[in-house]
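Note sheet for the following structure.
Every number in this text was worked out from the coordinates using simple rules, so none of it is lab data. Just so it is clear, the model here is predicted, and its values are computed rather than measured. Virtual Cβ from ideal backbone geometry, glycine too; neighbours counted across all protein chains shown.
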Amino acid sequence: MKITQKIILTFALAAIVVTAISCNKENATPTNDHTEKSTSQEHPKLILTAQGVKDIRAQLGTIPIFDKSLQAVKEEVDAEIEAGIEVPIPKDYSGGYTHSRHKQNWFILHKAGLLYQILEDEKYAKYVKDMLMEYEALYKTLPLHPKTRSYARGKLFWQCLNDSNWLVYVSQAYDCIYNYLTEEDRHKLETNLFRPFADHISVDSPQFYQRVHNHSTWGNAAVGMIGLVMDDEELINRALYGIKDLKLDATKKDDDGGFLNKDGKAGFLANIEEPFSPDGYYNEGPYYQRYAMYPFLIFAEGLHNVKPELKIFEYKEGVLLKSINALLNLSDADGDFFPLNDGQKGMSYYNSALVTAVDISYHFGTQNPGLLSIAKQQDRVLLDDSGLAVALGIKNGEEKPFAKKSINLSDGPEGKQGGVGILRNQDIELVFKYASQGSSHGHYDKLSYSLYENGEEVIQDYGLSRFVNIEQKGGGNYLKENKTWAKQTIAHNTVTQNETSHFTGKYDIGSLHHSDLQYFSSDNEDVQVVSAVEKNAYPGTTMLRTMAVIKDEDFEKPFLLDIMKVTSASANQYDFPFYYFGQVLQTNFEYSSPETLKPLGSKNGYQHLYLEGLGKASDENTKFSWFSNNKFYSLTTVTNTKDELLFTRIGANDPEFNLRRDPALILRTKNSKNRTFVSVIESHGSYSAVSESAVNSKSNIKEIKTVFDSEAYTAMTITTLNGKTKLFITVNTNTSKEVKHNLNIDNKNYAWSGSYYFK
């Protein structure tokens with residue numbers, strides 16, 4: 001009878017368990033002592049530790065998610081060993097063959113090292129050694145990478161960033177086979193490969209290394225981790241504190257537009273101190289926070305294990321572990337990260353970096369059982385000490401749901417540079433961005449928002465213009481449209497004045513300013529509000545935006561209330577877009593469609609918008625409804641008869657089809673100093689293609705009206721089709737919760753305490 005591979009693995013794991021128990025019976029229980037200092041001569045010691053190896057071997061065959069993860073890695077590495085080692089001469093950009101091959105090699109080297117330690121099979125150590133020796137022979141012959149686009153070229157890869165990726169992973173592989181190698185082997189690798197590799201990333205590439213940026217974080221971690229394995233204090237200090245006594249041109253810009261070493265701050269600790277707020281928000285946004293979390297946490301774990309006296313997980317009041325909670329809260333109902341700033345849609349906490357983040361956070365943090373539920377969804381764990389801790393927690397049934405609630409995350413090293421507010425009510429999620437520029441990956445979109453329902457985009461943020469690692473699209477790198485479109489203000493759901501982006505689209509201006517929180521309120525589950533002000537995007541203009549997600553008995557689902565108050569010293573044109581998805585259903589205004597599509601403008605992103613329809617508001621309320629994902633949506637917004645309504649679509653001046661052809665409705669008002677945009681977006685009803693039935697397909701709103709608007713207060717009413725009226729008042733100036741307010745509207749007095757009134 002044929003025995004399946006699964007049964008074979010079971011017998012193999014059982015044999016390992018018997019051996020491990022007989023040899024290490026006294027170490028069968030995993031240690032939770034994270035303060036004991038490791039012996040510097042003991043290997044592995046970096047991430048997978050010698051004690052962790054003993055604990056893992058003792059548990060093998062009894063921890064399902066770990067055993068499953070181990071089997072998947074074993075199958076992958078065995079296939080690579082069977083295929084043979086390939087270390088090609090570098091020549092390609094991201095997505096090209098040589099790039100992808102070296103990238104695959106770093107993953108496989110890391111995994112093979114883990115397998116050697118866990119399974120005690122020398123074929124994995126031999127494979128790692130043989131490939132490292134091939135890299136040693138190749139590296140000492142390499143010039144700079146032949147592709148010249150990067151501001152800091154690597155040798156194996158077109159940019160030092162990817163060289164750093166390689167060394168972060170390979171240092172872990174080297175740690176795993178350190179004792180397998182002879183002293184002569186180690187001397188050869190360290191002298192000809194690892195030390196020169198670390199020097200090129202750092203000393204030879206200060207414009208890459210001496211920065212506060214996710215690139216530099218990878219570089220710091222790479223240099224530091226190989227330093228930890230080699231017991232090289234000079235490299236470790238270089239990683240922690242940067243290169244000392246190095247002179248750089250502080251006026252020189254990199255290819256992202258960021259200044260190099262402008263503040264003289266560099267090294268791993270500076271990269272923790274500067275980008276993270278006390279709440280754990282990373283100023284570049286969740287997409288790059290996800291990318292940077294791997295080197296942040298892996299190097300931190302290595303420091304914790306080898307140099308516990310540094311107390312790295314306590315640095316800046318434990319912000320690294322806090323940041324994981326922040327990052328998980330910056331994802332939608334499906335686990336996809338909100339695409340703030342440069343962010344590729346679809347990136348989620350199923351990414352391997354978040355497996356690392358969740359496992360390390362659980363192991364070194366408070367062992368939050370909510371993290372176990374995410375790990376269970378990820379369906380894999382790390383093959384190391386932290387992965388074992390998670391696997392045991394899941395095995396013991398300790399997981400609980402990770403509850404995402406409304407949250408306000410401050411931005412800036414001291415939490416004083418704006419932030420991001422997320423309002424959640426049932427299946428509705430509002431993401432409100434009032435943050436700092438976000439370093440070189442920031443977009444010019446103060447007070448912008450996006451709206452989700454059950455993980456689906458209702459009002460979208462475009463994200464980045466890049467096809468990551470798809471060689472056919474610009475070598476997998478950022479496309480020129482990222483600057484000409486995705487970063488520009490008109491690409492986002494906020495106000496654009498006179499067809500010019502915030503801060504005129506200039507990084508050095510935008511990086512000086514941030515929006516300020518007026519108030520955030522989520523105590524009332526039915527009425528959740530966030531309000532912020534921006535005073536610097538346009539000289540002489542102030543924008544104050546208040547957004548609320550309100551659950552009301554007269555509405556099927558929670559609705560979004562949006563009040564954008566713009567005041568200016570001069571008359572301007574204001575464009576106020578809604579980047580919806582789906583099919584237009586109905587409007588209450590007439591519009592015409594041109595026979596020939598033309599761009600809406602010539603610059604600042606307008607050159608990428610086709611004008612598909614043009615109309616004028618015909619009432620005090622403009623209504624627009626659309627259909628998406630078998631749901632109905634309606635926009636009701638306060639207008640006057642001078643307002644224009646523009647149907648637009650992305651894609652003009654885009655001959656290579658680099659941009660998505662997404663639609664928008666733009667409300668335009670001309671020759672206006674002050675304008676308060678008041679809107680409500682409803683989600684309602686559903687459609688079944690099977691029964692061909694539409695339920696509750698129309699708006700429930702008869703009228704919305706601005707009934708009071710001053711420097712101190714803005715008030716508006718919402719009247720439903722059945723004649724019920726609700727009043728919402730937001731406080732514009734004195735927003736403290738303790739302040740008592742009294743306001744007379746239409747001869748009726750309203751008194752309340754706090755930042756808003758709703759009844």
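Figure the gain on full extension for GLU499 and GLU525 (residue separation times 0.36 nm, minus the Cα-Cα span) and round it to one decimal in nm. Walk me through the numbers on the way to the answer.
Numbers: separation 26, 0.36 × 26 = 9.36 nm, distance 3.81 nm.
Extending this stretch completely gives an extra 5.5 nm.
Using the Karplus curve 6.51 cos²θ - 1.76 cosθ + 1.60 with θ = phi - 60°, work out ³J(HN,Hα) for each residue of segment 742-754 in order, rounded to whole Hz, and write x for Gly and Pro.
Coupling constants for segment 742-754: 9, 9, 9, 10, 6, 6, 10, 9, 10, 10, 6, 10, x Hz.
Full-extension gain between LYS480 and TYR750, please, as 0.36 nm times their residue separation minus the C-alpha to C-alpha distance.
On the way: separation 270, 0.36 × 270 = 97.20 nm, distance 5.29 nm.
Computed gain between LYS480 and TYR750 is 91.9 nm.
Would you mind ranking ASP185, ASP643, ASP231 so that the residue whose beta carbon has the fewest other beta carbons within 10 Å leads the list?
Details: ASP185 16, ASP643 23, ASP231 12.
Fewest to most other Cβ atoms nearby, the residues stand as ASP231, ASP185, ASP643.
Let me have the relative contact order for the chain, percent, based on Cα pairs under 8 Å that are six or more residues apart.
Details: 1678 pairs, mean separation 60.9, N = 759.
Normalised by residue count, the contact order of the chain is 8 percent.
In nm, what is the difference between 0.36 nm times the number of residues separating PHE657 and GLU703 and their Cα-Cα distance? Each step should come with its number before you reach the end.
Values: separation 46, 0.36 × 46 = 16.56 nm, distance 4.08 nm.
This chain segment gains 12.5 nm when fully extended.
Give me the log10 of I(q) over I(0) for the chain at q = 0.06, 0.07, 0.09 Å⁻¹, as the Debye formula computes it from C-alpha points; what are the numbers?
Summing over Cα pairs of the chain leads to -0.41, -0.55, -0.87.
Over segment 318-387, what portion of Cα pair distances is larger than 19 Å, expressed as a whole percent?
Values: 691 of 2415 pairs.
In whole percent, the long-distance tail amounts to 29.
Mind checking segment 602-671 for GluC sites (Glu not before Pro) that DSSP puts in a loop (not H, G, I, E or B) and that have at most 11 other Cβ atoms within 10 Å? Write down the numbers at each step before the final one.
Working: sites: GLU612, GLU620, GLU644, GLU656; in loops: GLU620, GLU656.
Those that pass, being in a loop and sparsely packed, are GLU656.
Based on the Cα atoms of segment 409-758, what semi-axes does the equivalent ellipsoid have, where each is the square root of 5 times one gyration tensor eigenvalue, given in whole Å with the largest first? Don't skip to the answer; put the middle values down first.
Numbers: eigenvalues 183, 131, 82 Å².
Output for segment 409-758: semi-axes of 30, 26, 20 Å.
Within segment 627-656, list the trypsin sites (Lys or Arg not before Pro) lying in a DSSP loop whose Cβ has at most 14 other Cβ atoms in a 10 Å radius. Don't jump to the answer; show the numbers that get you there.
Details: sites: LYS631, LYS642, ARG649; in loops: LYS642.
Filter output for segment 627-656: LYS642.
Amide H of ASP552 versus every other amide H placed in the peptide plane: which residues, excluding those fewer than 5 positions away on the same chain, fall under 5 Å?
Those lying under 5 Å, H to H, from ASP552 are PHE559.
Once R0 is set to 30 Å, what does the formula 1/(1 + (r/R0)^6) return for the Cβ-Cβ distance between ASN396 and LYS316, expressed as a FRET efficiency to the nearest 0.05?
Numbers: r = 32 Å, r/R0 = 1.08.
Once the sixth-power term is evaluated, E becomes 0.40.
Show me, for segment 439-447, the HN-Hα J-couplings you get by feeding each phi into the Karplus relation (A = 6.51, B = -1.76, C = 1.60, θ = phi - 60°), rounded to Hz, glycine and proline as x.
Values, residue by residue: 6, 5, 8, x, 10, 8, 9, 5, 6 Hz.
Check segment 275-404 and count each lysine pair with an alpha-carbon distance under 28 angstrom, considering only pairs eight or more places apart or from different chains.
16
Between ASP231 and LYS405, what FRET efficiency follows from the Cβ-Cβ distance if R0 is 56 Å, with the result rounded to 0.05? List each step's numbers first, then the result.
On the way: r = 45 Å, r/R0 = 0.81.
The value I calculate is 0.80.
Roughly speaking, what is the centre-to-centre gap between segment 491-545 and segment 277-356 when only Cα atoms are used, to the nearest Å?
Going from one Cα centre to the other spans 25 Å.
Can you tell me the FRET efficiency between ASP199 and GLU274 if r is taken as the Cβ-Cβ distance and R0 is 22 Å, rounded to the nearest 0.05?
According to the calculation, E is roughly 0.35.
Over segment 441-542, what per residue volume does the convex hull of the Cα atoms give, in whole Å³? If you can, show how the numbers build up before the last one.
Numbers: hull volume 14.1 nm³, N = 102.
Normalising the Cα hull of segment 441-542 by residue number yields 138 Å³.
Classify segment 275-404 from the C-alpha gyration tensor, please: rounded if a/c falls under 1.5, else prolate or oblate depending on whether a/b exceeds b/c. Could you put the intermediate results ahead of the total?
Numbers: a/c = 1.70, a/b = 1.07, b/c = 1.59.
The shape class here is oblate.
Could you name the lysines whose alpha carbon sits less than 17 Å from that of LYS483, not counting residues in the same chain fewer than 8 places away?
Cross-link targets: LYS253, LYS446, LYS473, LYS506, LYS603.
Taking H as built 1.01 Å from N, whose amide H comes closer than 5 Å to the amide H of ASN640, not counting residues under 5 places away?
The answer is none.
Based on other C-beta atoms within 10 Å, arrange ARG238, ARG186 from fewest to most. The partial results should precede the final answer.
Details: ARG238 26, ARG186 17.
So the residues, fewest neighbours to most, are ARG186, ARG238.
Nearest 10 degrees is fine. How inclined is helix 214-230 to the longest principal axis of the chain, computing both from alpha carbons?
The two axes meet at around 20 degrees.
Grab every C-alpha pair in segment 670-712, bin the distances at 10 angstrom width from 0 up to the longest one, and report whole percents.
18, 32, 23, 16, 10, 1
Could you tell me the relative contact order of segment 506-569? Use alpha-carbon pairs under 8 Å, at least six residues apart, and round to a whole percent.
Numbers: 109 pairs, mean separation 15.8, N = 64.
Once divided by the residue count of segment 506-569, the mean separation gives 25 percent.
If neighbour count is taken as other Cβ atoms inside 10 Å, put TRP626, TRP218 in order from fewest to most. Each step should come with its number before you reach the end.
Details: TRP626 21, TRP218 29.
Arranged by neighbour count, lowest to highest, TRP626, TRP218 become TRP626, TRP218.
Loop only per DSSP, at most 16 neighbouring Cβ atoms within 10 Å: give me the GluC sites (Glu not before Pro) in segment 677-757, ordered by residue number. All intermediate terms of the calculation are to be shown ahead of the outcome.
Working: sites: GLU682, GLU692, GLU703, GLU711, GLU738; in loops: GLU692, GLU711, GLU738.
Qualifying residues, ordered by number: GLU692, GLU711, GLU738.
How high is the relative contact order of segment 409-758, given as a whole-number percent (alpha carbon pairs under 8 Å, six or more residues apart)? Provide the component values of the computation, followed by the final result.
Details: 884 pairs, mean separation 44.5, N = 350.
13 percent.
Tell me what the chain gives for mean residue ellipticity at 222 nm when only DSSP H runs of n ≥ 4 count, each as -39,500 (n - 2.57), the sum divided by the residue total, rounded to 500 deg cm²/dmol. Please list the in-between numbers first.
On the way: 18 runs with 233 residues, N = 759.
Calculated mean residue ellipticity at 222 nm is -9500 deg cm²/dmol.
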